[in-house]
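No value in this document is a laboratory result; all are computed from the given coordinates. Everything numeric here is computed off the predicted structure, so don't read it as measured data. Don't worry about glycine lacking a Cβ; one is built from the backbone with ideal geometry, like all the others, and counts go over all protein chains shown.
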Amino acid sequence: MTFYNSYILFLAIIAIPICAVRGRNVENMKILQFMLLHIKYLYGIKIDVRGTENFNIKEPYVVVSNHQSSLDLLGLMEVLPDRCVPIAKKELMYMGTVGLACWLGGIIFINRKKTNDAISVMSEAAQTMLSQDVRVWVFPEGTRNHNGSMLPFKRGAFHLAVQTQVPLIPVVISSYRDFYSKKDRRFTTGRCIVQVLSSVPTKGLRADDVPALTDRVRQAMLAAFEGLSADLGSPQ
């Protein structure tokens, strides 16, 4: 992973002056996406994509995805919709060239340790979504999870969707176990599957519906994750 992380830094250096022409702008995500898409070829990783037709919604929406490792970046960029920016931990903003490139791409940074700051950022994100026709991508587990399942979901993304009355679109990335293991320091060629699930409407829902909504979406994503990961063992 050392080369992978170093290469991301290198690409960020190239991207910064190009993105700086527009300044901080969600359209810069297209530039970042273009520059990152080829990384899968360097590592011999085949990414199968399913269900992208579920992104064919003209209104803003909230994407929720499972979070396994920094390799999620490859799956994210493979299916990233137009005018969509991730919500990331604020620490990323201070990671030198990578942080600056992310800032220029319009990525929304949130301080997970300060609840009031997080609520304020989510409120601003809601206004941005509706006024500028922006979609956001959230990892509701809140942190990377290497255990082959899914952690409990934090509810921020679901409150955001209900507050703005926009659909949720779950995205599930299959397990990397066949080609990547942080514990064993193994990173080889391999295959993963990225599936975009059907949208989940939130119109008419209220804040007290969020816990049930969160649980329902998580269960659907977990079932899809287990199914996709099982598919990886099937003959091609």
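Among 36, 9, which comes first, second and so on when ranked by fewest other beta-carbon atoms within 10 Å? All intermediate terms of the calculation are to be shown ahead of the outcome.
Values: 36 20, 9 13.
Least to most surrounded, the residues fall as 9, 36.
Most exposed first by the Cβ proxy, i.e. fewest other Cβ within 10 Å, how do 226, 124 rank?
Ordered from fewest to most neighbouring Cβ atoms within 10 Å, 226, 124 come out as 124, 226.
What FRET efficiency, computed as 1/(1 + (r/R0)^6) with R0 = 41 Å and r the Cβ-Cβ distance, is obtained for residue 10 and residue 208, rounded to the nearest 0.05?
Numbers: r = 48 Å, r/R0 = 1.17.
Efficiency, rounded to the nearest 0.05: 0.30.
Enumerate by residue number the trypsin sites (Lys or Arg not before Pro) in the stretch 114-196 meeting two conditions: DSSP loop (anything except H, G, I, E, B), and at most 10 other Cβ atoms within 10 Å of the site's Cβ.
On the way: sites: 114, 135, 144, 154, 155, 177, 182, 183, 185, 186, 191; in loops: 114, 144, 154, 155, 177, 182, 183, 185.
The qualifying sites are 183, 185.
Label-point separation (nm) for residue 82 and residue 34, each offset 7 Å from Cα along Cα-to-Cβ?
Each label point is offset 7 Å from its Cα along the Cβ direction, giving 1.5 nm.
Among bridges DSSP assigns within the chain, what percent are antiparallel (round to 5)?
Values: 6 of 25 bridges.
Of the beta bridges lying entirely in the chain, close to 25 percent run antiparallel.
Taking the number of other C-beta atoms within 10 Å as the exposure measure, put 174, 120 in order starting with the fewest.
Details: 174 25, 120 13.
Least crowded to most crowded, the residues run 120, 174.
Grab the beta carbon distance between residue 186 and residue 42, set R0 = 25 Å, and tell me the FRET efficiency rounded to 0.05. Please report the intermediate quantities before stating the final value.
Details: r = 17 Å, r/R0 = 0.67.
After rounding, the FRET efficiency stands at 0.90.
Can you bin the stretch 85-143 into rounded, prolate or oblate? Criterion: square roots of the alpha carbon gyration tensor eigenvalues sorted a ≥ b ≥ c, rounded for a/c under 1.5, prolate for a/b above b/c, oblate for the rest. Don't skip to the answer; put the middle values down first.
Values: a/c = 1.74, a/b = 1.15, b/c = 1.51.
It comes out oblate by the Cα gyration axes.
What shape does the stretch 1-55 have by the C-alpha gyration tensor, where a ≥ b ≥ c are the square roots of the eigenvalues, rounded means a/c under 1.5, and otherwise prolate means a/b greater than b/c and oblate the rest? Working shown, then result.
Numbers: a/c = 3.25, a/b = 1.16, b/c = 2.81.
Oblate, since a/c reaches 1.5 and b/c is not below a/b.
When the chain is modelled as a GNM with alpha-carbon springs shorter than 10 Å, which of 111, 56, 66 fluctuates the most?
The residue that fluctuates most here is 56.
Quick one: grab the alpha carbon gyration tensor of the stretch 39-170, order the square roots of its eigenvalues as a ≥ b ≥ c, and give me rounded if a/c is under 1.5, else prolate or oblate depending on whether a/b is larger than b/c.
Numbers: a/c = 1.41, a/b = 1.18, b/c = 1.19.
Because its axes are fairly even, with a/c under 1.5, the stretch 39-170 counts as rounded.
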